[in-house]
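Everything on this sheet refers to the single structure shown next.
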Amino acid sequence: MAALREAMLGRLRKFSQLRGKPVAAGEFWDVVAITAADEKQELAYKQQLSAKLNRKELPLGVQYHVFVDPPGTKIGNGGSTLCFLQCLESLYGDTWSSFTVLLIHSGGYSQRLPNASVLGKIFTALPFGEPIYQMLELKLAMYIDFPSRMRPGILVTCADDIELYSLGQSEFIVFDQPGFTALAHPCSLAVGTTHGVFVLDSSTSLPQTDLEYRQSHRFLHKPSIEEMRQCNAVQRPRNRGHQDMASGDTACLQFPSEYVYTDSVFYMDHKSARKLLDFYEKVSPLSCEIDAYGDFLQALGPGATVDYTRNTSNVTSQESQLVHMRQSIFHLLKGTSLNVVVLNNSKFYHLGTIEEYLFHFTSDSTLKSELGLQSVAFSVLPAEPERSSKAPCIIHSILEAGCSVAPGSVVEYSRLGPEVCIGENCIVSGSPITAKAALPAGSFMCSVSLKIDGRLGYSTMVFGVRDNLKSSVRALSDIKALRFFGVDFPSCLDIWNLSISEELFSGSKTCLSLWTARIFPFCSSLSDSVTASLNVLNAVKSHSPFSLKNFKLLSMGEMLDYKDVEDMTAYREQIFLEISSNKKQSASIP
């Protein structure tokens with residue numbers, strides 16, 4: 001833990017020295033690109049990037065881009081990678097062949113962590129730094145040493161994961177081999193079933209070191225434990241004590257006698273990227289989702305077989321073109337090498353769900369120590385929370401004397417009045433709760449600024465942190481299967497005086513879910529929207545009626561369509577100025 005912390009602090013210091021300053025050639029990325037799912041998300045990302053550059057929170061002299069997926073069919077992060085390559089070519093012509101590029105996939109809607117869906121996963125706030133670091137700054141810091149030791153090519157990563165690693169004093173990660181090069185982290189077999197797993201070349205008799213360069217015979221995508229064993233992916237420690245093994249994700253490597261190496265980020269050289277681009281220009285537009293990990297990496301290495309192309313058990317929708325597309329990619333990349341940088345002293349963390357978010361920010365003392373996360377980060381509150389194994393986490397917020405936030409909860413970009421009580425395991429994001437209120441344990445609340453037909457307004461989404469927003473049914477007769485805060489949805493509609501109808505849901509009428517349910521009031525003021533949605537939630541919790549008949553109602557999906565990024569960032573900026581002023585006043589008091 002200490003080695004990981006020291007290594008990460010060193011990278012953060014190095015990144016901090018580059019913020020707001022022009023970078024020298026070869027010192028940093030030539031291009032940093034973020035993918036977006038649609039034009040609304042693209043605009044939101046561009047506005048936030050511009051604000052960060054104006055505030056000098058990012059290194060200067062770098063080309064920062066947001067590239068949006070084409071409209072229509074969802075194309076997955078693999079399709080986004082192909083689309084990005086075409087955008088890069090159209091912007092820079094052949095000159096991109098000399099670039100080192102960081103590609104961050106952030107195009108999803110984060111239905112499993114909706115406070116990240118409003119302004120994007122890559123702009124998720126983290127509890128450290130002044131001003132607060134977001135995932136973008138952390139990504140740039142984590143990979144700060146890569147560009148100077150990388151041949152021209154693309155490093156591909158996702159917006160919601162964290163990789164921590166420690167190397168020996170004279171060791172460096174180098175990306176200079178042809179084909180693909182992936183980072184690998186030791187994890188338990190159970191964790192391997194939800195990740196990509198490398199089947200490495202035969203074990204060496206040399207002692208296990210922090211950094212090893214290996215070749216991957218083949219790559220398995222979300223394999224079963226039986227498949228890992230059959231393919232010889234399971235590893236055993238080599239001349240190294242089990243206390244040195246990394247633990248990764250939430251609880252990796254509980255069984256040090258056996259483990260596997262799982263994936264995180266990968267690099268492809270310019271020649272491989274060019275091959276993919278030429279392929280895309282022949283087959284676009286895409287008609288199915290492509291996975292950058294499952295569909296690219298499984299085609300690599302001498303042991304790769306075409307069998308995986310017919311396995312659709314791990315995909316959300318089985319489009320008719322999927323198998324054909326996978327087979328085409330397999331034959332395109334067959335014979336390409338998959339180099340693996342094994343990081344034996346490393347950990348991989350995921351921040352893509354409510355459960356992971358709450359755990360890592362409030363309960364996980366390991367990640368807190370390794371990354372320097374704080375229980376109170378750039379906030380004003382009357383007293384520090386009591387230290388415990390499950391403290392609350394307060395980020396970029398103002399709390400007045402008298403309010404209380406229970407252990408296990410996260411409050412970000414919010415104001416809480418003196419008579420506000422937040423229960424355990426809650427998330428409160430972008431919400432001013434000023435009147436007397438009690439938010440029940442296990443609640444999620446996130447306020448969104450909206451502009452509809454030129455009119456500025458507000459809506460606040462609320463639900464239970466255990467609710468499954470992605471769970472859907474195909475017909476109105478089946479909505480009893482949907483549950484809001486543990487209560488079947490028709491019973492909730494009775495409490496809210498709403499009728500079951502197709503108009504109750506936005507989007508496709510054959511994909512009905514809490515995400516598309518129009519149950520959140522649209523109000524003219526932010527505080528009114530918070531109050532109205534609290535009433536929506538408390539009515540269900542207390543089984544007492546609260547009529548929504550006279551409100552204009554929106555779904556969570558519609559909130560993203562109508563979101564007003566400028567108003568939300570202005571609200572955050574106002575809180576920032578108040579916190580800064582308060583800190584200056586406190587510092588001047590002898």
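The values are calculated or read from the model by the stated rules, or taken from the named source; none is laboratory data. Just so it is clear, the model here is predicted, and its values are computed rather than measured. So basically every Cβ, Gly included, is an ideal-geometry build from the backbone, and we count neighbours across all protein chains shown. Surface accessibility is based on the protein's heavy atoms, side chains included, excluding ligands, DNA and RNA. Shrake-Rupley method; radii C 1.70, N 1.55, O 1.52, S 1.80 Å.
Could you tell me whether any residue of the range 147-157 is within 28 Å of Met568 (Cβ to Cβ) and under 19 Å from the mean Cα position of the chain (by Cα)? There is at least one residue in the range 147-157 that is within 28 Å of Met568 (Cβ to Cβ) and under 19 Å from the mean Cα position of the chain (by Cα). For the range 63-89, the candidate set comprises residues that are in contact with a helix residue (DSSP H, G or I) (Cβ under 9 Å, 6 or more places away or on another chain) and part of a loop (DSSP other than H, G, I, E, B); within that set, the residue that is least open to solvent (accessible area, probe 1.4 Å) is Ile75. Taking each residue of the range 29-50 that is more than 20 Å from Leu155 (Cα to Cα) and looking for partners that are part of a strand (DSSP E or B) and of a type in the set (D, E, K, R) with beta-carbon atoms closer than 8 Å, six or more apart or interchain, yields Lys40/Lys563; Ala44/Lys563.
Give me the residue from the range 90-123 that is in a helix (DSSP H, G or I) and of a type in the set (A, V, I, L, M) and, out of that set, farthest from Ser443 (Cα to Cα).
Let us first name the residues in the range 90-123 that are in a helix (DSSP H, G or I), namely 90-98, 114-117, 121-123.
With of a type in the set (A, V, I, L, M) added as a condition, the list becomes 91, 116, 122.
Working: Leu91: 45, Ala116: 16, Ile122: 23 Å.
Top of the filtered list is Leu91.
Among the residues examined, Val540 qualifies as within 25 Å of Val473 (Cα to Cα), open to solvent by less than 10 Å² (accessible area, probe 1.4 Å), free of Cβ contacts under 8 Å to residues at least 60 places away in the same chain and not hydroxyl-bearing (Ser, Thr, Tyr).
A Cβ distance below 7 Å, combined with a sequence gap of six or more or placement on separate chains, defines the contacts here; from the range 215-227, residues that are on the phi > 0 side of the Ramachandran plot reach residues that are open to solvent by 80 Å² or more (accessible area, probe 1.4 Å) in the pairs Lys222/Thr194.
Would you check if there is a residue in the range 294-303 being surrounded by fewer than 20 Cβ atoms within 10 Å (Cβ to Cβ) and farther than 27 Å from Gln208 by Cβ?
First pass over the range 294-303, keeping only residues surrounded by fewer than 20 Cβ atoms within 10 Å (Cβ to Cβ): 302-303.
Pick out the ones that are also farther than 27 Å from Gln208 by Cβ and you get none.
No, that holds for no residue.
Residues that are among the hydroxyl-bearing types (Ser, Thr, Tyr) and in contact (Cβ under 8 Å) with a residue 40 or more places away in the chain were ranked within the range 134-181; the one that is most open to solvent (accessible area, probe 1.4 Å) is Ser148. Can you tell me which residue within the range 76-111, out of those that are touching a Gly at 6+ places or on another chain (Cβ under 9 Å) and of a type in the set (Val, Ile, Thr), is farthest from His65 (Cα to Cα)? The qualifying residue farthest from His65 (Cα to Cα) is Thr100.
For residues that are assigned to a loop (DSSP other than H, G, I, E, B) and out of contact with any Asp or Glu (no Cβ under 8 Å at 6 or more places or on another chain), scanning just the range 319-356, find the one that is surrounded by the most Cβ atoms within 10 Å (Cβ to Cβ). So that I can check it myself, show each step before the final result.
Looking only at the range 319-356, we keep the residues that are assigned to a loop (DSSP other than H, G, I, E, B), and these are 319-321, 334-337, 344-345, 351-353.
If we keep only those that are out of contact with any Asp or Glu (no Cβ under 8 Å at 6 or more places or on another chain) too, we end up with 320-321, 334-337, 353.
Details: Ser320: 8, Gln321: 15, Lys334: 14, Gly335: 12, Thr336: 20, Ser337: 16, Thr353: 15.
Residue satisfying both the conditions and the ranking: Thr336.
Among the residues of the range 432-480, write down those that are of a type in the set (A, V, I, L, M), assigned to a strand (DSSP E or B), over 17 Å from Arg415 (Cα atoms) and open to solvent by less than 10 Å² (accessible area, probe 1.4 Å).
Step one: filter the range 432-480 for residues of a type in the set (A, V, I, L, M), giving 433, 435, 437-439, 441, 445, 448, 450, 452, 456, 461-462, 465, 469, 473, 475-476, 479.
The next check asks that each one be assigned to a strand (DSSP E or B); those that pass are 433, 437-439, 445, 448, 450, 452, 456, 461-462, 473.
Remaining after also requiring over 17 Å from Arg415 (Cα atoms): 450, 452, 456, 473.
The one that is of a type in the set (A, V, I, L, M), assigned to a strand (DSSP E or B), over 17 Å from Arg415 (Cα atoms) and open to solvent by less than 10 Å² (accessible area, probe 1.4 Å): Leu450.
All of (1) more than 26 Å from Ala437 (Cα to Cα); (2) of a type in the set (Val, Ile, Thr); (3) at pLDDT 95 or above hold for Thr531 with one exception: (1). Among what's in the range 47-62 and is farther than 18 Å from Gly120 by Cα and among the hydrophobic types (A, V, I, L, M, F, W, C), pick the residue that is surrounded by the fewest Cβ atoms within 10 Å (Cβ to Cβ). The residue in question is Leu60. Looking at the range 482-590, none of the helices (runs of 4 or more DSSP H) lying wholly inside it contains 1 or more residues that are at positive phi. Of all residues in the range 51-87, those satisfying the criterion of being touching a residue at least 40 places away in the same chain (Cβ under 8 Å) and of a type in the set (Gly, Ala, Ser) are Ala51, Gly72, Gly76, Gly78, Gly79, Ser80. The set of residues in the range 104-119 that are over 16 Å from Val410 (Cβ atoms) and touching a Phe, Trp or Tyr at 6+ places or on another chain (Cβ under 6 Å) contains only Gln111. The condition of being among the aliphatic types (A, V, I, L, M), farther than 30 Å from Ser581 by Cα and open to solvent by less than 10 Å² (accessible area, probe 1.4 Å) does not hold for Val191.
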